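**Q** Once you've had a glance at the structure underneath, I'll fire off some questions.
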Amino acid sequence: MSQEKSVSRRVFLGTVGGLAGGLVVGGAAGWLLKPVEREVRTVTHTQTVGAPGAQTFTVTERIAETITRTVTAGAPKEKVTITVNWFPGPESDAVAPIIDWWNKNMSDETGVRVELVLFGRAEHFEKIKTLLLAQSPEPDIVFMSYTVGAVWPHLEPLDDWFASPKYPYTLDHYVPAALDAFRVNGKLYGIPTDMNTSLLIYRKDLMPEPPKTLDEMVEMARKFTRKYNPDSPTEYGFAIQGKNIWFNSYFWINLYVSQGGVPPEPGREIEFAKSLDSPTAIRVLQVYVNMYNEGLSPPDSVNYEYAETNAALAAGKVAMALQWNAALGELRDPQKAPLVHDKIGAAPTPGRYVDRELVRLSEIHVHGPGINKYSKKKEAAFKFFAFLTTLRFGLDYLKNGGFTGSAAILDNPLAQRIRTEIPELAPIYKASFAMTTHPDLVPMHDILTRNINSALVGAKTPEQALKDAKTEILSLLGG
Amino acid sequence: MRDQLVGIILVVPMLLTIISITLFPLIFSYYMSVHNMTVLNFWNPIFVGVDNFVKALSSSDFWASVRFSVLYMLVTASAELLLGLFLSLFLERTMKGKRLVVSLILIPMAIAPALFGIMIKLMLNEFIGLIPYLLRQIGIRMHFFSDFPIVFTVLVVTDMIQWTPFVFIILYAALHSLPREPIEAAYIDGASGWQVIRYVKIPMLWKIIALVTVFRVMDALRAFDTIYVLTGGGPGISTTTVSINIFKVALIRGDFGLAAASTVIFFYLSMVVLSFGLRTLRRGGVL
């Protein structure tokens, strides 16, 4: 006779409880993971805008909410984190809150989370170059500049991405020259989220009218240098950005072109190089050198770049300087420049009169992101990249201190209320030339800056410095 | 036999790591130096033989940077050796607060060189820097980045603040490990403090001094970060070291072949200098 095994009450209750618990957990998981049915909602916003100096055109954009419905095909199951590199400084300060906003509001719907990655400002582009050469898959989005001519083989061509029906926006709102700066051999490799120029930043409380010509600039600089005017409220009238760093040549180039020199525009690089030992070029460099030697600029200004120049202006020690437009945001911030925030004016680079007409020219150049060719998350990267081309991004970027390359935004009254210097910069952008995007752009400027710096410290005469610069640059360009 | 095998297996990963981070870059440098290798053709370079070496050897900028690197090495290595030795001898004695003083001396060595350069640059800024401000209070107006002699002094002093602690701590430890008997015997025989240092302690320390000197010479010859942050190699190219020159050629000019050739040339030039140090170390039984 077999003995039946009796099931204890504990075992029985435990089994039933386990089954019930499993059903509850499984049901809850199923409910939470259920694909969300979303209604596609498209809102179209049409605005007619005018680009500075160009014809009026119409921009149509669906607002950002639709990006989740049109760019993504259904709700994503897993979130992908992409790394986005940006230029440290005012540019990264401007994009960081937008990335925070994206991560809070858009990452769930798009399935893309964004992590901001920054390198040092001074060597940013060299760092990017190294990463791309090493075929590093990260960052997924790299911030570069119009130096794209040197690194385009390592960037993802964007034309097919933008041509895809999944991309709901338009690139027509950008300043055409700004967008073209990112084209190499007809293909697009980036977008101009930042448009930059250099201008004369001056103390408008000291100078109701800024200097319009080079001679006026020197005269005003002398007037506001304590060595020549003991009553001057500033110690120095001018701050030269003389550090031996390649982009510091831009300030001298603007002065030179405004005096009638050949601009280093795309296609005119050799012509520019050949003109470097012209009387005009030598005269402009001599003015620079004289200003330094006569003490109109601080002695340490041979080692000045962006930060030191800003510090000198913010401390109220210097009356004016040629500086990047990004500095306006910092110098007009009551917290960052409490002494001078309400005293800063902006004007075009001093020029010359031609037939009684004042000619002042500045270069414009652009910075912006591109997609790393070696990224393993291009699809996810492009979702965020598409957002970067929206007017919404551009306006927020402007509000946070960046400076967009979108003509539509610059002419937008809202943008002009956000950034009061836009009307000040409009005449500069209208009378500007595009800096070359030649692959040897950086070495060209490096050679020029090195020689300008040598002239400033007296190691070479201006004539010799420019002659050497011309020889080296022509050798580099094969001209 | 089995123990030997286990030992080899355990050492192999580290060996492979060391080989990959030293041997591979060395071989790749030679490869780059005989090719025209730029950003655009990085993965499809063109063989050019010795062209890059000819360009480097005929470049006035390269030789200017070699001259500056050698000058910088001679001044900083000597100054740091002397100051480090002095500090180690001075702090060898028993005194109150010695531990605190030693800790304070070592702090700069813990800071990243580039960051240290930024700190010094800010402190020396003529408008917002602490040091010019303090100097102005006693009636001295100084500009630290305009003239080469002053700029060079700033660079040397910055290097000394950061790397004298390295010399100090090694010599300090070596002093404490010296046998006491010869020193005590010298005192008993009537030698003065200075005579003990000169005729007993320093001769006993010379191997360590030679080793520390070799380290500092090697480091000073390849100086880059602090100088680049402080001056960018300027004014002009007056403070451009070989490392800065190679960096600019490679990453600003984008000519990796020429940069690699410059690296190879400077490597052999450095070996001439270092061979004296290494020979001394071999004679002393250190190597």
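**Q** Kirkwood hydrodynamic radius (Cα pairs, Å) of the range B:1-147?
**A** Computed over the range B:1-147, the radius equals 21.9 Å.
**Q** A further question follows. With θ set to phi - 60°, apply the Karplus curve 6.51 cos²θ - 1.76 cosθ + 1.60 along the range A:224-230 and write out the HN-Hα couplings as whole Hz, x wherever there is a Gly or Pro.
**A** 9, 10, 4, 4, 9, 9, x
**Q** Something else about it: Grab the eigenvalues of the alpha-carbon gyration tensor for chain A, scale each by 5, take roots, and send me the semi-axes largest first in whole angstrom.
**A** On the way: eigenvalues 568, 112, 103 Å².
Semi-axis lengths for chain A are 53, 24, 23 Å.
**Q** Most exposed first by the Cβ proxy, i.e. fewest other Cβ within 10 Å, how do A:D355, A:D215 rank? If you can, show how the numbers build up before the last one.
**A** On the way: A:D355 5, A:D215 12.
The order, fewest Cβ neighbours first, is A:D355, A:D215.
**Q** On a 26 Å Cα-Cα criterion, which of the cross-link pairs A:K129/B:K55; A:K129/A:K166; A:K274/B:K248; A:K212/A:K343 come out too long?
**A** Details: A:K129/B:K55 24 Å; A:K129/A:K166 30 Å; A:K274/B:K248 24 Å; A:K212/A:K343 19 Å.
As for pairs spanning more than 26 Å Cα to Cα, those are A:K129/A:K166.
**Q** Further question on the same structure: Given the Cα atoms of the range A:268-340, and with Rh set as the inverse mean 1/r over their pairs in the Kirkwood sense, what is Rg to Rh to two decimals? Intermediate values should be presented prior to the final figure.
**A** On the way: Rg = 15.7 Å, Rh = 14.3 Å.
That ratio is 1.10, to two decimals.
**Q** Excluding residues fewer than 8 places away in the same chain, name every one of the lysines whose C-alpha is closer than 16 Å to that of A:K336.
**A** Partners within reach: A:K317.
**Q** At what distance in angstrom do the alpha carbon centres of the range A:131-174 and the range A:244-280 lie from each other?
**A** 29
**Q** Using modelled backbone amide H atoms (1.01 Å from N, in-plane), which distant-in-sequence or interchain residues come within less than 5 Å of A:L116's amide H?
**A** A:V84
**Q** Please list the non-local residues whose amide H lies under 5 Å from the amide H of A:I364, H modeled 1.01 Å from N, same-chain partners needing a gap of 5 or more.
**A** Hits under the 5 Å cutoff: A:F433, A:A434, A:M435.
**Q** A follow-up question, please. For peptide B:247-257, how many partner chain Cβ atoms fall within 10 Å of a residue's Cβ, on average?
**A** Mean inter-chain Cβ contacts per residue within 10 Å come to 5.
**Q** What's the average, rounded to a whole number, of partner chain beta-carbon atoms within 10 Å of each residue's beta-carbon in A:439-450? Write down the numbers at each step before the final one.
**A** Details: counts 4, 3, 0, 5, 6, 1, 1, 4, 2, 0, 2, 8.
Across the residues of A:439-450, the mean count of other-chain Cβ atoms within 10 Å is 3.
**Q** Here is a further query. Give me the distance in nm between label points sitting 7 Å out from Cα along the Cα-to-Cβ direction at B:Y268 and B:A110, one decimal.
**A** 4.4
**Q** For the range A:334-396, just the Cα set please: Rg and Dmax, both in angstrom.
**A** 20.6, 58
**Q** What's the average, rounded to a whole number, of partner chain beta-carbon atoms within 10 Å of each residue's beta-carbon in B:141-147?
**A** Numbers: counts 1, 2, 6, 3, 10, 10, 4.
Going residue by residue through B:141-147 and averaging, the value is 5.
**Q** Once phi is turned into θ = phi - 60°, what whole-Hz ³J(HN,Hα) does the Karplus curve with 6.51, -1.76 and 1.60 give for every residue of the range B:52-59, x standing for Gly and Pro?
**A** Residue by residue, the range B:52-59 yields 5, 5, 5, 4, 5, 5, 9, 8 Hz.
**Q** So which residue, out of B:P165, B:P108, B:P179, gets the largest mean-square fluctuation from a GNM of chain B using Cα contacts under 10 Å as springs?
**A** B:P179
**Q** I need the Debye-formula profile for the range B:61-283: one equal scatterer per C-alpha, no solvent, reported as log10 I(q)/I(0) at q = 0.07 1/Å, two decimals.
**A** Per q value, in the given order, log10 I(q)/I(0) is -0.29.
**Q** Could you put B:D61, B:D255 in order, starting from the residue whose Cβ has the fewest other Cβ atoms within 10 Å?
**A** Numbers: B:D61 17, B:D255 23.
Ranking B:D61, B:D255 by Cβ neighbours within 10 Å, fewest first, gives B:D61, B:D255.
**Q** For the range B:236-252, take each phi angle, set θ = phi - 60°, evaluate the Karplus expression 6.51 cos²θ - 1.76 cosθ + 1.60, and give the result in whole Hz per residue in order, putting x for glycine and proline.
**A** Karplus values, whole Hz, x for Gly and Pro: x, 10, 5, 10, 7, 7, 4, 4, 5, 4, 5, 4, 5, 5, 6, 9, 9.
**Q** Let me ask another. Suppose we keep just the DSSP beta bridges with both residues in the protein assembly as shown; what percent of those would be antiparallel, to 5? Kindly include the intermediate steps, with their values, before the conclusion.
**A** Values: 35 of 49 bridges.
Antiparallel: roughly 70 percent of the beta bridges in the protein assembly as shown.
**Q** Express the C-alpha Rg of the range A:138-238 as a ratio against the empirical globular expectation 2.2 N^0.38 Å, rounded to two decimals.
**A** Compared with the compact-globule rule of thumb, the range A:138-238 sits at 1.76.
**Q** Could I have the simple spin-label model distance between A:R352 and A:K127, label points 7 Å from Cα toward Cβ, reported in nm to one decimal?
**A** 4.2
**Q** Helix-only estimate, please: 222 nm mean residue ellipticity of chain A, summing -39500 (n - 2.57) across DSSP H runs of length 4 or more and dividing by its residues, to the nearest 500. Can you show the working numbers first?
**A** Details: 21 runs with 198 residues, N = 479.
Dividing the helical sum by the residues of chain A leaves -12000 deg cm²/dmol.
**Q** Something else about it: Here is the link list: A:K223/A:K399; A:K223/A:K243; A:K378/A:K430; A:K227/A:K470; A:K187/A:K377; A:K187/A:K376. Which ones come out longer than 32 Å on Cα distance?
**A** Details: A:K223/A:K399 36 Å; A:K223/A:K243 25 Å; A:K378/A:K430 36 Å; A:K227/A:K470 35 Å; A:K187/A:K377 21 Å; A:K187/A:K376 21 Å.
Over 32 Å Cα-Cα: A:K223/A:K399; A:K378/A:K430; A:K227/A:K470.
**Q** Where does chain B land at 222 nm, in deg cm²/dmol rounded to the nearest 500, when only DSSP H runs of n ≥ 4 count, each adding -39500 (n - 2.57), divided by all residues? Intermediate results must be reported in sequence, preceding the final value.
**A** Numbers: 14 runs with 196 residues, N = 287.
Taken over chain B, the calculation gives -22000 deg cm²/dmol.
**Q** How long is the range A:224-331 along each principal axis, judged by its Cα atoms, biggest number first, in Å?
**A** That gives 46, 30, 21 Å along the principal axes, largest extent first.
**Q** Also, I was wondering about something else. Express in % the proportion of alpha carbon pairs of the range B:173-287 at distances exceeding 20 Å. If you can, show how the numbers build up before the last one.
**A** Numbers: 3947 of 6555 pairs.
So the portion of pairs separated by more than 20 Å is 60 percent.
**Q** Then there is this: Sorted from fewest to most neighbouring beta carbons within 10 Å, what does the list B:L91, A:L214, A:L410 look like?
**A** Numbers: B:L91 17, A:L214 20, A:L410 26.
So the residues, fewest neighbours to most, are B:L91, A:L214, A:L410.
Each reported figure results from applying straightforward, stated rules to the coordinates on display, with no laboratory input. It should be emphasised that the depicted structure is a prediction, and the values quoted were computed from it without experimental measurement. We place every Cβ from the backbone using ideal geometry, glycine too, and count neighbours over all the protein chains shown.
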